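First up is the structure itself, then whatever we jot down about it.
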Amino acid sequence: MDRRGRAPDRGLEMTLRELDQDTWPALELLFGPNGAVAGCWCTWFFQTSKDLAENGSAGNRDLLHARMCAGPVGLLAMDGDEARGWIAVAPRASYPRLARSPVTKPLDDLADVWAVTCLFVHRAARRAGLAKYLLTGAVEHARRNGANAIEGYPVNTELGRASKIGSGELYHGTVRLFVGAGFTVERGAGQRRAFVRLMLR
């Protein structure tokens, strides 16, 4: 996958690339020594909290690499050879943790559903429209791969309690972002976290 596009707010030229062996080094640089957030390496939804902690940053990095080798895990917004943003998007069934949370438990038994579980934008590229660009790309990516629907589990920052939402929670994305991309709130309207879906077929 290699899609070119323009991030809307600053006119940044970007290429949307799937995470694979060629783009893995760019992801490592993007996530940096902290492995995105506290060494998670975007593996929270692949495993239990206990496993996440026991693996440590290096183990979580290796887990993400193994998942990448086994199937789709996400997309990078590339500025030349440098990654500026990341979105985790893959078949919902590949994320066992989703079924165990009251927020993300399945809405129904619809097959071939994909999920967006994480958005990460480098601090130097924030407020440039990259989150919207990545989410739009994720929708198109899921559709091309035969998904019937795509879901997300964003944070509602418009409840009057936005100041209490830490930046660490915003990796889920915001309800405003998803609704602006055509998603519908299916569960959790008016709550801190919502369940949103966009039908693709």
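The values are calculated or read from the model by the stated rules, or taken from the named source; none is laboratory data. Note that the structure is predicted; figures quoted are calculated from it, not measured. Cβ atoms come from the backbone with ideal geometry, glycine included; neighbour counts cover every protein chain shown. For accessibility, only protein heavy atoms count, side chains too; no ligands or nucleic acids. Shrake-Rupley method; radii C 1.70, N 1.55, O 1.52, S 1.80 Å.
Leaving out ligands, DNA and RNA, and with a 1.4 Å probe, what % of the accessible surface on the range 56-201 is carbon or sulfur?
Numbers: 3350 of 6730 Å².
After summing per-atom areas, the C and S share lands at 50 percent.
Positive end of the charge dipole of the chain (Lys, Arg +1 and Asp, Glu -1 on Cβ, about the Cα centre): tell me which of LEU177, PHE46, GLY190 has its Cα farthest that way.
GLY190
Quick one: net charge of ASP62's neighbours, Cβ under 14 Å, K/R +1, D/E -1? Intermediate values should be presented prior to the final figure.
Numbers: positive: ARG61, ARG67; negative: GLU28, ASP51, GLU54.
Summing Lys and Arg as +1 and Asp and Glu as -1 gives -1.
Sort ARG144, ARG193, ARG127 by accessible area with a 1.4 Å probe, largest first.
Details: ARG144 105, ARG193 50, ARG127 215 Å².
If we order ARG144, ARG193, ARG127 from most to least accessible, we get ARG127, ARG144, ARG193.
Note down the net charge around LEU200, summing +1 for each Lys or Arg and -1 for each Asp or Glu among other residues with Cβ under 14 Å from its Cβ. Don't skip to the answer; put the middle values down first.
Working: positive: ARG92, ARG143, ARG144, ARG197, ARG201; negative: ASP112, GLU140, GLU151.
Here the count lands on +2.
So for ASP112, ASP51, what's the accessible-area order with a 1.4 Å probe, most first? Before the final figure, lay out the partial values.
Numbers: ASP112 100, ASP51 65 Å².
Of ASP112, ASP51, the descending order of accessible area is ASP112, ASP51.
Could you grab the relative contact order for the range 36-127? Cα pairs under 8 Å, six or more apart, rounded to a whole percent.
Numbers: 111 pairs, mean separation 25.1, N = 92.
Across the range 36-127, relative contact order equals 27 percent.
Relative contact order of the range 88-189, please, whole-number percent, based on alpha carbon pairs below 8 angstrom and at least 6 residues apart. Don't skip to the end; give the middle numbers.
Values: 111 pairs, mean separation 29.3, N = 102.
Reported relative contact order: 29 percent.
Add -39500 (n - 2.57) for each DSSP H run of 4 or more in the chain, then divide by its residues: what number comes out at 222 nm, to the nearest 500 deg cm²/dmol?
On the way: 4 runs with 51 residues, N = 201.
Value at 222 nm, helices only, nearest 500: -8000 deg cm²/dmol.
Which value, in Å² and to the nearest 10, is the accessible area of PHE120 when all protein chains are kept and the probe is 1.4 Å?
Here the accessible area works out near 40 Å².
Please compute the net charge surrounding LEU98, taking Lys and Arg as +1 and Asp and Glu as -1 over other residues with Cβ under 9 Å from its Cβ. Provide the component values of the computation, followed by the final result.
On the way: positive: ARG92, ARG97, ARG100, LYS105; negative: GLU151.
Cβ neighbours under 9 Å give a net charge of +3.
Using Cα pairs under 8 angstrom and six or more residues apart, how large is the relative contact order of the chain, in percent?
18 percent
Could you pull out every residue, at least 5 positions away or on a different chain, whose amide H is within less than 5 Å of the one on ARG187? Hs are placed 1.01 Å off N in the peptide plane, and Pro or chain starts have none.
Correct list: PHE195.
For the range 12-155, what does the accessible surface come to per residue with a 1.4 Å probe? Please give it in Å².
Numbers: 6330 Å² over 144 residues.
Value returned for the range 12-155: 44 Å² of accessible area per residue.
In debye to the nearest 20, how big a dipole does the range 37-92 give about its Cα centre with +1 on each Lys and Arg Cβ and -1 on each Asp and Glu Cβ? Walk me through the numbers before you get to the answer.
Working: 5 positive and 6 negative charges, 49 e Å.
Dipole size: approximately 240 debye.
Heavy-atom accessible area of VAL179 with all protein chains present, probe 1.4 Å, nearest 10 Å²?
So the heavy atoms of VAL179 present about 70 Å² to solvent.
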